[in-house]
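All remarks here apply to the structure that follows.
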Amino acid sequence: GEDVEQSLFLSVREGDSSVINCTYTDSSSTYLYWYKQEPGAGLQLLTYIFSNMDMKQDQRLTVLLNKKDKHLSLRIADTQTGDSAIYFCAESIGRGSTLGRLYFGRGTQLTVWP
Amino acid sequence: GAVVSQHPSWVICKSGTSVKIECRSLDFQATTMFWYRQFPKQSLMLMATSNEGSKATYEQGVEKDKFLINHASLTLSTLTVTSAHPEDSSFYICSATGNMNTEAFFGQGTRLTVV
């Protein structure tokens, strides 16, 4: 079955870069996603990458995908205290109407120290 | 991005009662909606997939008679937790996709507490 793994905690200083890592097992992933969840809130999509891409950059966010190793990372440049949250990696192996059927990792709690 | 709204945001109910949670797509037609459950400090676990006008498809281990899902229109899906027990207390989140979307849009979640 689908298995998505993430480290549970990451602490960084404000202004440093954060790198959150994720591994997955299903090689038929179509899209891979990074979501942010703040306390008591729903999920906010940060970025996603199609499975045939290696990298995607969006302002402070850089996503790297190593499909051979089934490894996904999210780099946040110039991390701010407002970036403190839980970050979820998720994969979709569906297409069409099942594209939104996502499998999530347990989430990485990012703490940013001033 | 598109907006998905869940109602209520939180609910407390007594054991043995049923609770209905609504998930609405406000500015797009949601051909498919998904229901997830999240335990404290855990991942989101997919419970079921529902397509408008047809029966929901439940993930393995999810009791379809306990978690009733209805997707009667292109903008509304409901999840009813029947005969709720304290172990059903959790954070329930829905998401929705439309025909042309590459992403699923999530509601803000519903915190259910069964006492």
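The values are calculated or read from the model by the stated rules, or taken from the named source; none is laboratory data. The model shown is predicted, which means the values in this text are computed figures rather than measured ones. Cβ: placed from backbone, ideal geometry, glycine included. Neighbour counts: every protein chain shown.
Mind checking which residues of region A:11-41 are under 15 Å from residue A:83 (Cα atoms) and either modelled with pLDDT under 95 or buried (at least 18 other Cβ atoms within 10 Å of the Cβ) (or both)? Within region A:11-41, A:18, A:20, A:34, A:35, A:36, A:37, A:38, A:39, A:41 meet the criteria. When restricted to residues that are exposed (fewer than 13 other Cβ atoms within 10 Å of the Cβ) and more than 14 Å from chain A (Cβ to nearest Cβ), region B:3-25 contains 6.
Scanning region A:46-59 for residues that are more than 27 Å from residue B:42 (Cα to Cα) and either aromatic (Phe, Trp, Tyr) or not in a strand (DSSP E or B) (or both) turns up A:52, A:53, A:54, A:59. For first residues located in region A:23-45 and closer than 12 Å to residue A:107 by Cα and in a loop (DSSP other than H, G, I, E, B), partners that are of a type in the set (Gly, Ala, Ser) and modelled with pLDDT under 80 and lie 6+ apart or on another chain with Cβ distances below 6 Å do not occur. If you filter region B:82-115 down to residues that are within 21 Å of residue A:41 (Cα to Cα) and aliphatic (A, V, I, L, M), you find that the one that is nearest to the other protein chains (Cβ to nearest Cβ) is B:104. Remark: residue B:55 falls outside the filter, which requires a residue to be under 30 Å from residue A:47 (Cβ atoms), surrounded by fewer than 15 Cβ atoms within 10 Å (Cβ to Cβ) and at pLDDT below 95. Contact map, region B:20-37: residues that are touching a residue at least 40 places away in the same chain (Cβ under 8 Å) paired with residues that are of a type in the set (Lys, Arg), Cβ distance under 7 Å, separation 6+ or inter-chain. Pairs shown: B:34/A:101. Taken together, B:83, B:54, B:18 contain a single residue that is closer than 15 Å to residue B:8 by Cα, among the hydroxyl-bearing types (Ser, Thr, Tyr) and more than 13 Å from the chain's Cα centre (by Cα), which is B:18. Only strands (runs of 3 or more DSSP E) whose full extent lies in region A:60-114 are considered here, and the ones with at least 1 residues that are within 10 Å of chain B (Cβ to nearest Cβ) and within 14 Å of the chain's Cα centre (by Cα) are A:85-92, A:102-104, A:108-113. The residues of region A:42-59 that are over 11 Å from the mean Cα position of the chain (by Cα) and either crowded, with 18+ Cβ neighbours inside 10 Å or of a type in the set (Asp, Glu) (or both), listed by number, are A:42, A:43, A:54, A:58.
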